[in-house]
Amino acid sequence: MRTNQLHGNLMLLLTAFIWGFGFVAQKLSTIYVGPLTFMAVRSFIAAAALFLCAILFRSYQSLRHPIESRPLFSAFSQWKPLLLGSIFCGAMLCCGNVLQQAGIAYTTAGKTGFISVLYIVIVPMLGILFKKKVNGFVWIAVIVAAIGVYLLCMNEKLTIGRGDILILISAAAFSFDILLIDYFAPRVDGLWLSCLQFIVVGIICMPLAVIYENPTFASIYACLLPILYVAVFCSAIAYTLEIFAQRSIGPAIASLLLSLEAVFAALAGWLILDEIMSPRELAGSGLMIIAIFLSQLPELRQKRRIENKKELLR
């Protein structure tokens with residue numbers, strides 16, 4: 001394994017670790033503030049942190065590639081797609097995050113982590129809407145994931161909890177956000193898109209939080225550490241690590257490594273919140289991990305074929 005690939009794998013593992021423990025921070029914050037207040041404060045802090053990351057990223061580029069580097073605000077030369085992308089992506093991200101934050105108040109951090117990574121299976125399925133062919137492995141992954149969700153979420157009364165339903169809907173919202181980013185990212189600067197979409201989330205959530213949740217400075221201060229962890233580490237640092245890592249790691253491998261956030265979320269829930277999964281829930285979690293691997297197999301096989309062809313041409 002090349003050094004760049006090893007560094008990329010380690011960065012993605014660190015990203016998954018940060019995101020996994022982020023679910024515990026989100027869970028702790030539900031004690032003090034509502035989901036809209038949490039998202040408003042988190043988003044503005046995340047936007048400020050991402051702005052700082054953008055400056056550092058450009059400085060790093062100018063040192064490594066002084067000829068190819070661009071000015072910090074050069075991305076705004078194409079302001080129309082950047083503005084549209086920020087609004088659409090921000091609105092969908094807002095929907096997904098608020099639903100996730102609301103749902104985690106009624107379920108465990110571990111279950112939230114496993115249900116949330118369903119976007120890896122949902123995204124290929126949504127490709128049907130754009131007339132993209134869906135591989136047979138993806139269909140198998142969907143069936144396995146559905147069984148996993150059933151075991152993970154269904155209780156003895158054969159009903160799904162309120163929190164689990166909200167997390168499932170949030171996973172669908174995140175899937176649409178991924179597709180929107182996939183459309184806009186090649187047309188604009190990805191780091192600025194992420195920064196501006198968090199500003200949009202904050203602008204949407206702040207007035208709604210004031211109207212429906214009546215937040216106070218005391219309640220926000222009480223959970224400031226969880227908010228800072230999610231905003232700075234999960235949003236800014238982890239996202240920047242992902243950008244650097246995916247320069248040397250393909251999307252299939254990256255998705256698999258990032259999906260380990262579910263495992264880290266369960267581990268964090270056990271270590272910090274004393275959450276214990278039942279054998280039924282563990283079986284469902286295992287099936288969801290299998291579904292994630294199955295959903296990525298087509299891309300992994302295609303990558304292997306490309307690498308084999310390159311070896312033959314040498």
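What follows is calculated from the coordinates using simple rules that are stated; it is not laboratory data. Nothing here was measured: the structure is a model prediction, and the numbers come from that model. Quick reminder, even Gly has a Cβ in these numbers, built from the backbone with ideal geometry, and neighbours come from all protein chains shown.
Near the amide H of residue 33, within less than 5 Å, lie no amide hydrogens of residues on another chain or at least 5 residues away, with H placed in the peptide plane. The order of 139, 192, going from fewest to most other C-beta atoms within 10 Å of their C-beta, is 139, 192. Model label points for residue 105 and residue 203, set 7 angstrom from Cα along the Cα-to-Cβ axis, are 2.6 nm apart. Using the Cβ-Cβ distance between residue 214 and residue 7 with R0 set to 41 Å, the FRET efficiency from 1/(1 + (r/R0)^6) comes to roughly 0.30. Working out 0.36 nm times the residue gap between residue 243 and residue 221, then minus their Cα-Cα distance, what length gain in nm do you get to one decimal? Here the answer is 4.8 nm.
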